[in-house]
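The values are calculated or read from the model by the stated rules, or taken from the named source; none is laboratory data. Predicted model, so just to flag it, every value in this text is computed and none were measured. Here Cβ is always computed from backbone atoms with ideal geometry, including for glycine, and neighbour counts include all displayed protein chains. Protein only, heavy atoms only, side chains kept; ligands, DNA and RNA dropped before computing areas. Shrake-Rupley method; radii C 1.70, N 1.55, O 1.52, S 1.80 Å.
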Amino acid sequence: MKVAIVDDERLARAELKRLLKPHADVTIVGEARNVEEGVALLRRDHVDLLLLDIQMPDGTGFDLLERLDRVPSVVMTTAYDAHAIHAFEINALDYLLKPIAPERLAQALDRARRAVPGGPERAVLQTPKPIDRVFVRDGERCWLVDVAEIRLFEAEGNYARVYFGSNRPLILKSLQALEARLHPAVFFRVSRSAIINLHAVENVETDVDGGLMVALKGGPAVKVSRRQSRRLRDELSL
């Protein structure tokens, strides 16, 4: 399991490395002191698990996650327990409160091992690999969302609005950039302004102009361009 450490405190990074040493299946691929170094590290190397501090001189751990194309499993390491739970209310694997107890780190690593696709026998990473989760922030609220839970990406200027559950936050990536990293067997570009999750389709109706209207589970209904309607019929065997 490949692990990266991002923390602005040298002693905190050293302590994490010491605590990781007894875990023979863990390889530390790198460490970073701030957001900029962390982004560079995670773009350069494949990482299974990120041990991430929240407060750093040039921003927060959330700023770092927002800039990643591929978000690994995340364990937050923080001295501010209340802040972590308030701000990161979704599925980080764990929160480790500093000073970190060895048994708590061991528990977090066990969760991470179960989250690594294919475990230690997994195939060599092929790039570019479809993304399996995205980090989304809307004001003070943050989510680390499994892509399979997203039913719609909708263009909004140069960014995209993300529909999952009852939430509609904006992600700072273009629809075109997202399309290149989404699994083509699951996500379908219905028009210049929308990508749908085929698994979220509830029903399909013919529009007055001969195109299609797709109703998604949990809403909304999305218009399919006439050109893409032909492709979607083939895709859904309509």
Pair list, Cβ under 9 Å, 6 or more apart: region 59-70 residue open to solvent by 10 Å² or more (accessible area, probe 1.4 Å), other residue of a type in the set (Asp, Glu) and in a helix (DSSP H, G or I) | 59/36
Residue in region 137-153 that is farthest from the chain's Cα centre (by Cα), counting only those that are in contact (Cβ under 8 Å) with a residue 60 or more places away in the chain and assigned to a strand (DSSP E or B) | 152
Would you mind finding the one in 122, 137 that is more than 25 Å from residue 225 (Cα to Cα), open to solvent by 50 Å² or more (accessible area, probe 1.4 Å), at pLDDT below 90 and touching an Asp or Glu at 6+ places or on another chain (Cβ under 8 Å)?
-> 137
Residue 234 versus (1) in a helix (DSSP H, G or I); (2) touching a Gly at 6+ places or on another chain (Cβ under 9 Å): which is the lone unmet condition?
-> (2)
